[in-house]
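Chemist: There's a structure below that I have some questions on.
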Amino acid sequence: MRISISGTYSTGKTSTTMCLSHYTGIPRTLAKAIREIMPDAVPGKRLSEVTPAEFLQLMMRRHCGRAVAEATLGDPYLSDGSSLQEWAYGLARTRFGMNPTDPDRPNQVDWPDMGFFHEVVDQYEHAFKQHVKASYDVMIHLENERPISDDGHRPMNEDFRSYCDEILWDAASDLDIPLHRVSGTLESRVQTIVSLLDLPTVIDLDEAIARMQQEYAAIDQRLETERQQAAQRVAG
(Lines give C-alpha, C1' and ligand atoms only; values in the text may rest on other atoms or scores of the structure.)
Protein backbone atom coordinates (compact mmCIF):
# COMPACT_ATOMS: atom_id res chain seq x y z
CA MET A 1 0.00 0.00 0.00
CA ARG A 2 1.31 3.41 -1.01
CA ILE A 3 0.29 6.00 1.58
CA SER A 4 0.64 9.79 1.58
CA ILE A 5 0.51 11.69 4.87
CA SER A 6 -0.79 15.04 3.67
CA GLY A 7 -1.71 18.40 5.17
CA THR A 8 -0.66 22.03 5.28
CA TYR A 9 2.68 23.07 6.76
CA SER A 10 3.42 22.65 10.47
CA THR A 11 0.75 19.96 11.03
CA GLY A 12 3.16 17.20 12.06
CA LYS A 13 3.46 15.32 8.76
CA THR A 14 7.11 14.41 9.27
CA SER A 15 6.78 13.20 12.87
CA THR A 16 3.61 11.26 12.03
CA THR A 17 5.23 9.63 9.00
CA MET A 18 8.37 8.73 10.95
CA CYS A 19 6.41 7.23 13.83
CA LEU A 20 4.07 5.33 11.54
CA SER A 21 7.03 3.92 9.62
CA HIS A 22 8.69 2.61 12.78
CA TYR A 23 5.37 1.30 14.13
CA THR A 24 4.34 -0.59 10.99
CA GLY A 25 7.68 -1.38 9.36
CA ILE A 26 6.55 0.33 6.13
CA PRO A 27 9.51 2.30 4.68
CA ARG A 28 9.17 6.03 4.22
CA THR A 29 10.42 8.02 1.26
CA LEU A 30 13.51 10.14 1.91
CA ALA A 31 13.27 12.96 -0.63
CA LYS A 32 15.07 16.20 0.29
CA ALA A 33 13.04 18.94 1.93
CA ILE A 34 12.97 22.45 0.45
CA ARG A 35 15.41 23.75 3.08
CA GLU A 36 17.88 21.03 2.00
CA ILE A 37 17.44 21.85 -1.69
CA MET A 38 17.88 25.61 -1.42
CA PRO A 39 21.68 25.87 -0.96
CA ASP A 40 22.14 24.26 -4.40
CA ALA A 41 19.11 25.81 -6.07
CA VAL A 42 19.26 29.41 -4.82
CA PRO A 43 22.51 29.77 -2.84
CA GLY A 44 22.65 32.60 -0.35
CA LYS A 45 18.89 33.15 -0.14
CA ARG A 46 16.19 32.42 2.37
CA LEU A 47 12.86 31.06 1.20
CA SER A 48 11.25 34.43 1.96
CA GLU A 49 13.60 36.06 -0.57
CA VAL A 50 13.10 33.90 -3.67
CA THR A 51 11.62 35.25 -6.88
CA PRO A 52 8.70 33.61 -8.71
CA ALA A 53 11.11 31.99 -11.19
CA GLU A 54 13.26 30.63 -8.36
CA PHE A 55 10.23 29.25 -6.57
CA LEU A 56 9.23 27.38 -9.73
CA GLN A 57 12.68 25.79 -9.75
CA LEU A 58 12.21 24.71 -6.13
CA MET A 59 8.80 23.22 -6.93
CA MET A 60 10.27 21.23 -9.80
CA ARG A 61 13.25 19.97 -7.79
CA ARG A 62 11.06 18.94 -4.86
CA HIS A 63 8.59 17.12 -7.11
CA CYS A 64 11.35 15.27 -8.94
CA GLY A 65 12.94 14.28 -5.65
CA ARG A 66 9.64 12.84 -4.46
CA ALA A 67 9.07 10.94 -7.70
CA VAL A 68 12.55 9.38 -7.61
CA ALA A 69 12.21 8.41 -3.92
CA GLU A 70 8.83 6.81 -4.55
CA ALA A 71 10.05 4.89 -7.59
CA THR A 72 13.08 3.66 -5.66
CA LEU A 73 10.97 2.15 -2.87
CA GLY A 74 8.30 0.62 -5.09
CA ASP A 75 5.44 -0.71 -2.96
CA PRO A 76 4.67 -0.28 -0.07
CA TYR A 77 5.84 3.12 1.15
CA LEU A 78 4.87 6.08 3.29
CA SER A 79 5.29 9.55 1.79
CA ASP A 80 5.83 12.64 3.94
CA GLY A 81 3.38 14.85 2.07
CA SER A 82 2.85 14.75 -1.69
CA SER A 83 3.54 16.86 -4.75
CA LEU A 84 0.21 18.57 -4.11
CA GLN A 85 2.04 20.48 -1.39
CA GLU A 86 4.46 22.06 -3.85
CA TRP A 87 1.55 23.12 -6.05
CA ALA A 88 -0.51 24.43 -3.12
CA TYR A 89 2.36 26.47 -1.66
CA GLY A 90 2.93 27.99 -5.09
CA LEU A 91 -0.72 28.74 -5.73
CA ALA A 92 -1.10 30.33 -2.30
CA ARG A 93 1.76 32.71 -3.14
CA THR A 94 -0.23 34.05 -6.10
CA ARG A 95 -2.78 35.16 -3.52
CA PHE A 96 -0.64 36.12 -0.51
CA GLY A 97 2.64 37.09 -2.19
CA MET A 98 6.04 35.48 -2.48
CA ASN A 99 6.76 36.25 1.17
CA PRO A 100 3.48 35.49 2.98
CA THR A 101 5.01 36.51 6.29
CA ASP A 102 5.42 40.09 5.05
CA PRO A 103 2.56 40.86 2.63
CA ASP A 104 3.43 44.58 2.51
CA ARG A 105 6.76 44.03 0.76
CA PRO A 106 6.85 45.31 -2.85
CA ASN A 107 7.78 41.89 -4.30
CA GLN A 108 4.28 40.57 -3.95
CA VAL A 109 1.20 39.85 -6.03
CA ASP A 110 1.63 42.95 -8.20
CA TRP A 111 5.03 41.90 -9.55
CA PRO A 112 5.03 42.01 -13.39
CA ASP A 113 5.90 38.31 -13.64
CA MET A 114 3.33 37.07 -11.11
CA GLY A 115 0.78 36.53 -13.88
CA PHE A 116 3.10 34.16 -15.71
CA PHE A 117 4.04 32.53 -12.39
CA HIS A 118 0.34 31.82 -11.82
CA GLU A 119 0.00 30.30 -15.29
CA VAL A 120 2.95 27.95 -14.71
CA VAL A 121 1.66 26.94 -11.27
CA ASP A 122 -1.67 26.06 -12.92
CA GLN A 123 0.19 23.80 -15.36
CA TYR A 124 2.11 22.20 -12.51
CA GLU A 125 -1.25 21.48 -10.89
CA HIS A 126 -2.27 19.40 -13.91
CA ALA A 127 0.99 17.41 -13.90
CA PHE A 128 1.29 17.00 -10.14
CA LYS A 129 -2.31 15.80 -9.73
CA GLN A 130 -1.70 13.13 -12.36
CA HIS A 131 1.43 12.04 -10.51
CA VAL A 132 -0.34 11.90 -7.14
CA LYS A 133 -3.28 9.92 -8.52
CA ALA A 134 -0.88 7.36 -10.02
CA SER A 135 1.40 7.20 -6.98
CA TYR A 136 -0.81 6.67 -3.92
CA ASP A 137 -3.43 4.13 -2.93
CA VAL A 138 -4.68 6.24 -0.03
CA MET A 139 -4.12 9.71 1.41
CA ILE A 140 -4.26 10.73 5.07
CA HIS A 141 -4.95 14.43 5.60
CA LEU A 142 -3.78 15.74 8.98
CA GLU A 143 -6.08 18.26 10.61
CA ASN A 144 -4.75 21.82 10.78
CA GLU A 145 -4.93 21.99 14.57
CA ARG A 146 -1.42 22.72 15.83
CA PRO A 147 0.36 26.04 16.39
CA ILE A 148 2.70 27.19 13.62
CA SER A 149 6.29 26.25 14.34
CA ASP A 150 8.38 29.42 13.98
CA ASP A 151 11.66 28.00 12.71
CA GLY A 152 12.65 30.96 10.54
CA HIS A 153 11.75 28.97 7.42
CA ARG A 154 8.00 28.51 7.46
CA PRO A 155 5.78 31.47 6.53
CA MET A 156 4.23 32.82 9.73
CA ASN A 157 0.81 33.58 8.27
CA GLU A 158 -2.21 31.68 9.56
CA ASP A 159 -4.44 32.76 6.64
CA PHE A 160 -1.84 31.45 4.19
CA ARG A 161 -1.60 28.20 6.12
CA SER A 162 -5.38 27.75 6.28
CA TYR A 163 -5.75 28.48 2.57
CA CYS A 164 -3.13 25.81 1.76
CA ASP A 165 -4.98 23.35 3.98
CA GLU A 166 -8.24 24.04 2.18
CA ILE A 167 -6.90 23.65 -1.35
CA LEU A 168 -4.90 20.54 -0.43
CA TRP A 169 -8.04 18.86 0.90
CA ASP A 170 -10.12 19.92 -2.09
CA ALA A 171 -7.47 18.78 -4.60
CA ALA A 172 -7.06 15.38 -2.95
CA SER A 173 -10.85 14.98 -2.80
CA ASP A 174 -11.05 15.50 -6.57
CA LEU A 175 -8.61 12.68 -7.35
CA ASP A 176 -10.90 9.78 -6.45
CA ILE A 177 -8.29 8.31 -4.07
CA PRO A 178 -9.45 7.04 -0.67
CA LEU A 179 -8.98 10.04 1.62
CA HIS A 180 -9.23 10.26 5.40
CA ARG A 181 -8.99 13.25 7.72
CA VAL A 182 -7.15 12.46 10.98
CA SER A 183 -6.74 14.58 14.10
CA GLY A 184 -5.57 14.39 17.70
CA THR A 185 -2.27 13.67 19.41
CA LEU A 186 0.56 11.87 17.66
CA GLU A 187 -0.40 8.63 19.41
CA SER A 188 -4.05 9.06 18.43
CA ARG A 189 -3.19 9.87 14.82
CA VAL A 190 -0.96 6.85 14.39
CA GLN A 191 -3.41 4.48 16.04
CA THR A 192 -6.26 5.85 13.92
CA ILE A 193 -4.30 5.42 10.68
CA VAL A 194 -3.33 1.85 11.58
CA SER A 195 -6.96 1.05 12.35
CA LEU A 196 -8.36 2.77 9.24
CA LEU A 197 -5.96 1.00 6.88
CA ASP A 198 -5.68 -2.28 8.80
CA LEU A 199 -1.89 -1.98 8.89
CA PRO A 200 0.39 -4.44 10.67
CA THR A 201 2.50 -3.32 13.61
CA VAL A 202 6.01 -4.57 14.32
CA ILE A 203 6.94 -2.83 17.61
CA ASP A 204 5.18 -1.20 20.54
CA LEU A 205 3.85 2.30 19.92
CA ASP A 206 5.93 3.74 22.77
CA GLU A 207 9.07 2.37 21.13
CA ALA A 208 7.99 3.76 17.75
CA ILE A 209 7.52 7.20 19.30
CA ALA A 210 10.93 7.03 20.99
CA ARG A 211 12.60 6.11 17.70
CA MET A 212 10.76 8.91 15.93
CA GLN A 213 11.88 11.43 18.54
CA GLN A 214 15.50 10.33 18.18
CA GLU A 215 15.29 10.47 14.38
CA TYR A 216 13.51 13.83 14.38
CA ALA A 217 16.09 15.34 16.73
CA ALA A 218 18.81 14.45 14.22
CA ILE A 219 17.20 16.49 11.41
CA ASP A 220 19.35 19.41 10.30
CA GLN A 221 17.16 22.42 11.11
CA ARG A 222 19.62 25.08 9.96
CA LEU A 223 18.31 27.85 7.74
CA GLU A 224 19.09 27.81 4.03
CA THR A 225 21.79 30.47 4.28
CA GLU A 226 23.51 28.63 7.14
CA ARG A 227 23.62 25.45 5.07
CA GLN A 228 25.07 27.30 2.11
CA GLN A 229 27.75 28.96 4.24
CA ALA A 230 28.71 25.64 5.77
CA ALA A 231 28.98 24.06 2.31
CA GLN A 232 31.25 26.89 1.17
CA ARG A 233 33.52 26.39 4.18
CA VAL A 234 33.81 22.67 3.40
CA ALA A 235 34.53 23.38 -0.26
CA GLY A 236 37.14 26.00 0.67
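Chemist: Quick one: among Ala218, Ala71, Ala92, which has the greatest mean-square fluctuation in a GNM of the chain with alpha-carbon springs under 10 angstrom?
Modeler: For the chain, modelled as a Gaussian network with Cα springs under 10 Å, the answer is Ala218.
Chemist: With every protein chain left in place, what is the accessible area per residue of the chain in square angstrom, probe 1.4 Å?
Modeler: 46 Å²
Chemist: Pick from Val138, Val120, Val190 the residue whose mean-square fluctuation is largest in a GNM of the chain, springs joining Cα atoms under 10 Å.
Modeler: Checking each option, the largest mean-square fluctuation is seen for Val120.
Chemist: Measure off, as a whole percent, the carbon and sulfur share of the 1.4 Å-probe accessible area of region 10-134, all protein chains present.
Modeler: 55 percent
Chemist: Per the Cauchy relation, a quarter of the hull surface: what is the mean projected area of the convex hull of the alpha carbons in the chain, in nm²?
Modeler: 12.8 nm²
Chemist: Just the number, please: percent antiparallel of the DSSP beta bridges in the chain, rounded to the nearest 5.
Modeler: Approximately 0 percent, going by the DSSP bridge assignments.
Chemist: Can you name the helices of the chain, as whole DSSP H runs, whose Cα span along the helix axis is 15 Å or more and whose Kyte-Doolittle mean is not below -1.0?
Modeler: 13-24, 52-73, 83-96, 114-135, 158-173, 186-197, 205-217
Chemist: Run lengths n ≥ 4 of DSSP H only: what is the helix-derived mean residue ellipticity at 222 nm for the chain, with -39500 (n - 2.57) per run over all residues, to the nearest 500?
Modeler: -18000 deg cm²/dmol, from helical runs alone.
Chemist: Please label the shape of region 1-73 as rounded, prolate or oblate, based on the square roots a ≥ b ≥ c of the eigenvalues of the alpha-carbon gyration tensor (a/c under 1.5 means rounded; beyond that, a/b larger than b/c means prolate, else oblate).
Modeler: Because a/c hits 1.5 or more and a/b exceeds b/c, region 1-73 counts as prolate.
Chemist: Note down the nm distance, to one decimal, between modelled labels 7 Å out along Cα→Cβ at Leu205 and at Ala53.
Modeler: It is 5.1 nm.
The values are calculated or read from the model by the stated rules, or taken from the named source; none is laboratory data. Please read all numbers here as calculations on a predicted model, not as lab measurements. Counting neighbours? That spans all protein chains shown, and the Cβs are built from the backbone with ideal geometry, glycine included. All accessible areas refer to the heavy atoms of the entire protein, side chains included, with ligands and DNA or RNA removed. Shrake-Rupley method; radii C 1.70, N 1.55, O 1.52, S 1.80 Å.
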